[in-house]
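What follows is a short report on a single structure.
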Amino acid sequence: MNAIRVLTIDQVKAGDALPELAYDVTATTVVLGALASRDWRPMHHDKDFAQHRNGVRDIFLNTPNQAAWFERYVTDWTGPYGRLGRMQFRMKDSVFPGDRMVFRGEVTKVTTDAGGCGWVELAVRVMVGDKVCTECNARVAVPTAAGDNPWARRDERWQPEA
Amino acid sequence: MSETDAALPAEVQGWIGQKRYEQEGEFDVERGYVWTTCASVENGNPLFWDEKAAQEITGGPIAPPTMISVWFRPHAYAPNRAGTAQPLQVHFDCKEKLGLPEAVMTDNTITFREPVRPGDRLRTWQVLRSVSPLKTTKLGTGRFWVIDVEYVNQKGESVGTETYTGFGYKREAK
C-alpha cells in the first residue's frame, strides 16, 4: 500500500481553500460519466437530441456523475479516511464538451459532535470560466487525531444529518 | 414568486408520508461498476483500488457513497418488461396528477449512512414529504414538492437517503 494522505481535524480551519482541480471536458467525459451512472437518457450521449429536443448546444454532464466528481474532489483533499456524511447540490447551468471545468472549495465550518466525530463543512462549486454551473455543500468527517477512523462509526456515533 | 391557495387533490394529499414503489435492485452491488465510475472521474481513492487499504480503513471494499442511486437505475432493456421503468416515479406521478407537464429538480441532498459494499443487494422506496401551494416563478405557475428516496441494505440497515425538491409547472401562455 502506498503512503496515504490522512487529514486530521486539527489541520483544518474555517476559511481554508481546497486546491483547485481543473479538467478539460470532452464528449468521452460526458458519455463515460453517463454510462458509469447507468443514465441512458439521450441528452447525455446524443448531440442531435440535446440540440433539437433540449435546446442546448451539446450533450452535457449528468447530475449523478457530477456527484461522483464532487466526491473525488473532496476525498482527494481529505484522503481515504475522509467519510462523506451529506452532500447538497444546486444545479445552475450545464457543463459541455469543450468546457474547462474548475472545482473550487472552501471550509465553512469545523466542529466535533457529541459523539466525538470531527466534521468539516465545505462550500464547493464547479465553474466554467466565470459561470458557476453547480454548487455543492458537503459535510465530511475526518479523523480527530491519529488512530481515529470515521469509517468505524455506526449508529448513534455516526450522525451525518446535523 | 407569488403564492395562490388552491386545494391539493385528495389523492396527492394521501400520498404524503406514504412509503411507495418499494423495490429491490435488479443486481448485486459489484466492483465493475465501481471501477467504471472511478475511472469516469479519475478517482484514485485507495479505498476502491487497494485491497489492503480497504481492509484497514473500511473493513473491506466499499462502493463510492455517491453511487447510491446507480444501483437502481433500470437496464435500458429487460426481457418481458412492458414499458420503461421510471426512477423517481413519485415525481412523475405528481406531474401527472397535478396537471403540471413541465418539471425541474431544484435541489438534491444525499445523506450517507452505512457503507455500501460489493455483494450487497439494496432496497429502495420513495416518500412524498410535502407539496407547496401554487406558486408563480419565472418558469411558470406550479407547485414545489419534496421527495425522499430511502435506501437500505439486505440487513435492513439504512445506507442513505436522497431528498429531491422538484418544481412542476405550466408555462405561461405568450
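Each reported figure results from applying straightforward, stated rules to the coordinates on display, with no laboratory input. As the structure is a computational prediction, the values presented were derived from the model and not from experiment. Using ideal geometry, Cβ is built from the backbone for each residue, glycine included, and neighbour counts are taken over all protein chains shown.
Which value at 222 nm does chain A reach when only helices count, each DSSP H run of 4 or more adding -39,500 (n - 2.57), with the total divided by all residues and rounded to the nearest 500 deg cm²/dmol?
-6000 deg cm²/dmol, from helical runs alone.
Please report, in cubic angstrom per residue, the volume enclosed by the convex hull of the alpha-carbon atoms of the protein assembly as shown.
So the per-residue Cα hull volume is 162 Å³.
Quick one: net charge around A:Glu121, please, counting Lys, Arg +1 and Asp, Glu -1 for every other residue with C-beta under 11 Å from its C-beta.
Net charge in that neighbourhood comes out at +2.
Straight-line reach from B:Lys97: which aspartates and glutamates have Cα under 16 Å away, leaving out those fewer than 8 places along the same chain?
Within the straight-line limit of under 16 Å, B:Lys97 reaches these aspartates and glutamates: B:Glu11.
Using only the alpha-carbon atoms, how far is helix A:63-78 inclined from the longest principal axis of chain A? Give it as 0 to 90 degrees, nearest 10.
Helix A:63-78 and the main axis of chain A meet at about 40 degrees.
Determine the principal axes of the Cα atoms in the range B:2-170, then give the extent along each, sorted from largest to smallest and rounded to whole angstroms.
Dimensions of the range B:2-170 along the principal axes of its Cα atoms: 59, 37, 27 Å.
Where a Cα-Cα gap under 23 Å defines reach, which lysines qualify for A:Lys13, not counting those fewer than 8 residues away within the same chain?
Straight-distance partners of A:Lys13: A:Lys109.
Residue farthest toward the positive end of the dipole of the range B:2-170, with Cβ of Lys/Arg at +1 and Asp/Glu at -1: which of B:Gln18, B:Ala76, B:Leu47?
My answer, from the dipole projection, is B:Gln18.
Over all alpha-carbon pairs in the range A:9-157, figure out the percentage whose distance exceeds 27 Å.
Roughly 30 percent, once rounded to a whole number.
For helix A:27-36, report the angle its Cα long axis makes with the longest principal axis of the Cα atoms of chain A; keep it between 0 and 90° and round to the nearest 10°.
60 degrees
With springs only between Cα atoms under 10 Å apart, run a GNM on chain A and tell me which of A:Val120, A:Val56, A:Val30 wobbles the most.
A:Val56
Could you work out the local net charge near A:Tyr23, counting Lys and Arg as +1, Asp and Glu as -1, over the other residues with Cβ closer than 13 Å to its Cβ?
My count for the surroundings of A:Tyr23 gives -2.
Hey, what do the phi angles of the range B:149-163 turn into as Karplus ³J(HN,Hα) couplings, whole Hz, using 6.51/-1.76/1.60 and θ = phi - 60°, x for Gly and Pro?
Each residue of the range B:149-163 in turn: 10, 9, 10, 10, 8, 5, 8, x, 7, 5, 9, x, 9, 9, 10 Hz.
Check the straight Cα-Cα distances from B:Lys95 and name the lysines below 28 Å, setting aside those fewer than 8 residues away within the same chain.
Counting by Cα, and skipping residues close in sequence, B:Lys95 has these lysines nearby: A:Lys47, A:Lys92, B:Lys19, B:Lys135, B:Lys138, B:Lys170, B:Lys174.
Just to confirm a number: summing +1 for Lys and Arg and -1 for Asp and Glu over residues other than B:Phe92 whose beta-carbon lies under 13 angstrom from that of B:Phe92, what do you get?
Surrounding charge for B:Phe92 is 0.
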